[in-house]
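*Asks:* Dumping the structure here so I can ask a few things about it.
The values are calculated or read from the model by the stated rules, or taken from the named source; none is laboratory data. If you're wondering where the values come from, they're calculated on a predicted model, not measured in any experiment. Because the Cβ atoms are built from the backbone with ideal geometry, glycine has one as well, and the counts that use them run over all protein chains shown.
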């Protein structure tokens with residue numbers, strides 16, 4: 001079994017998806033269940049985790065409704081206002097639906113690079129463990145120093161780093177990302193998604209050989225038992241199609257043992273998201 005631990009779905013409008021720049025016009029349309037089912041089946045993916053793309057509780061409710069109606073969606077990473085005094089009320093409402101597995105905030109789009117260290121935000125994150133919810137960390141490489149401090153505030157909280165923390169693949173830069181990821185991986189409550197790599201490279205000219213050294217870093221740092229596969233579809237389509245990314249990923253793990261491959265393909269996601 002292969003689980004895609006990171007994809008999105010949306011009904012596009014120009015009000016809620018302002019993060020889609022003029023270079024991302026291919027994303028400015030609906031991406032819904034029928035298209036998702038087609039691309040995952042074509043690549044041999046049997047289960048998925050749907051991840052928020054808007055910071056609204058309405059989207060969280062919509063994703064949970066889709067997950068309830070489509071068994072292959074094994075879980076949802078939703079959004080709730082973590083910095084709000086009402087955060088527990090929102091959590092109490094959504095955890096009634098068993099497929100809510102985690103929460104995410106789009107940290108890398110906050111004007112304040114240290115938003116994650118705000119006391120009100122940390123109070124919200126501190127509530128997640130009570131509800132057995134993971135927290136997905138969406139950052140750029142430059143946020144890694146404060147991410148270490150953030151994670152250390154919550155030693156019993158499960159964290160999942162999205163898109164290997166978005167290193168500067170386009171520029172061919174490894175340091176200090178490499179050293180900071182190795183430091184972050186020392187925290188055993190932190191997992192990492194092999195996702196979003198192609199879109200951090202040159203969209204039209206990337207090759208598996210360009211991406212492979214970045215995969216090798218996170219494999220060495222986290223090991224197979226804390227790495228999981230993700231497509232980041234449909235954002236992925238900026239840099240290629242689902243099957244191409246799947247083939248690239250499989251080439252990366254091809255030399256690992258069957259047990260190690262199975263961990264990355266399914267068991268890590270099952271453990272981190274308590275599926």
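*Asks:* Only one of (1) touching a residue at least 60 places away in the same chain (Cβ under 8 Å); (2) buried (at least 22 other Cβ atoms within 10 Å of the Cβ); (3) over 22 Å from residue 192 (Cα atoms) fails for residue 49. Which number is that?
*Replies:* So residue 49 meets the others, but not (3).
*Asks:* May I pose another question? Given the conditions (1) at pLDDT 95 or above; (2) touching a helix residue (DSSP H, G or I) at 6+ places or on another chain (Cβ under 8 Å); (3) over 25 Å from residue 270 (Cα atoms), which single one is not true for residue 11?
*Replies:* For residue 11, the exception is condition (2).
*Asks:* Could you say which residue among 88, 132 is surrounded by 14 or more Cβ atoms within 10 Å (Cβ to Cβ) and over 17 Å from the mean Cα position of the chain (by Cα)?
*Replies:* 88
*Asks:* With (1) in a helix (DSSP H, G or I); (2) in contact with a strand residue (DSSP E or B) (Cβ under 9 Å, 6 or more places away or on another chain); (3) under 20 Å from residue 225 (Cα atoms) as the list, and residue 193 as the residue in question, which single condition is left unmet?
*Replies:* (1)
*Asks:* While we're on this one: Keeping to region 252-275, report how many residues are farther than 19 Å from residue 49 by Cα and surrounded by 14 or more Cβ atoms within 10 Å (Cβ to Cβ).
*Replies:* Final tally of qualifying residues: 4.
*Asks:* Surrounded by fewer than 22 Cβ atoms within 10 Å (Cβ to Cβ), in contact (Cβ under 8 Å) with a residue 12 or more places away in the chain, within 18 Å of the chain's Cα centre (by Cα) and farther than 22 Å from residue 106 by Cα: which single residue out of 208, 224 fits that description?
*Replies:* Working: 208 fails: within 18 Å of the chain's Cα centre (by Cα).
Only one candidate passes the filter, namely 224.
*Asks:* Could you grab me the full set of residues in region 233-268 that are assigned to a loop (DSSP other than H, G, I, E, B) and out of contact with any helix residue (DSSP H, G or I) (no Cβ under 6 Å at 6 or more places or on another chain)?
*Replies:* Correct list: 234, 241, 254, 255, 256, 257.
*Asks:* Taking the stated definitions as given, is residue 75 in contact with a strand residue (DSSP E or B) (Cβ under 7 Å, 6 or more places away or on another chain) and not in a loop (DSSP other than H, G, I, E, B)?
*Replies:* For residue 75, the condition - in contact with a strand residue (DSSP E or B) (Cβ under 7 Å, 6 or more places away or on another chain) and not in a loop (DSSP other than H, G, I, E, B) - is met.
*Asks:* Something else about it: Got at least one residue in region 131-138 being in contact with a helix residue (DSSP H, G or I) (Cβ under 6 Å, 6 or more places away or on another chain), part of a loop (DSSP other than H, G, I, E, B), more than 18 Å from residue 77 (Cβ to Cβ) and free of Cβ contacts under 8 Å to residues at least 60 places away in the same chain?
*Replies:* No.
*Asks:* Something else: Checking residue 59 against (1) over 24 Å from residue 243 (Cβ atoms); (2) crowded, with 18+ Cβ neighbours inside 10 Å; (3) in contact with a helix residue (DSSP H, G or I) (Cβ under 8 Å, 6 or more places away or on another chain), only one condition comes out false. Which one?
*Replies:* For residue 59, the failing item is (3).
Residue by residue, here is whether (1) in a loop (DSSP other than H, G, I, E, B); (2) out of contact with any helix residue (DSSP H, G or I) (no Cβ under 7 Å at 6 or more places or on another chain); (3) at pLDDT 95 or above; (4) on the phi < 0 side of the Ramachandran plot holds:
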{"position": "16", "(1), (2), (3), (4)": "yes, yes, no, yes"}
{"position": "40", "(1), (2), (3), (4)": "no, yes, yes, yes"}
{"position": "48", "(1), (2), (3), (4)": "no, no, yes, yes"}
{"position": "63", "(1), (2), (3), (4)": "no, yes, yes, yes"}
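*Asks:* Can you tell me which residue is surrounded by the fewest Cβ atoms within 10 Å (Cβ to Cβ) among those in region 235-251 that are more than 19 Å from residue 36 (Cβ to Cβ) and in contact (Cβ under 8 Å) with a residue 12 or more places away in the chain?
*Replies:* Here the answer is 251.
*Asks:* Scan region 104-119 residue by residue and report those that are touching a strand residue (DSSP E or B) at 6+ places or on another chain (Cβ under 9 Å), in a helix (DSSP H, G or I) and in contact (Cβ under 8 Å) with a residue 12 or more places away in the chain.
*Replies:* 107, 116
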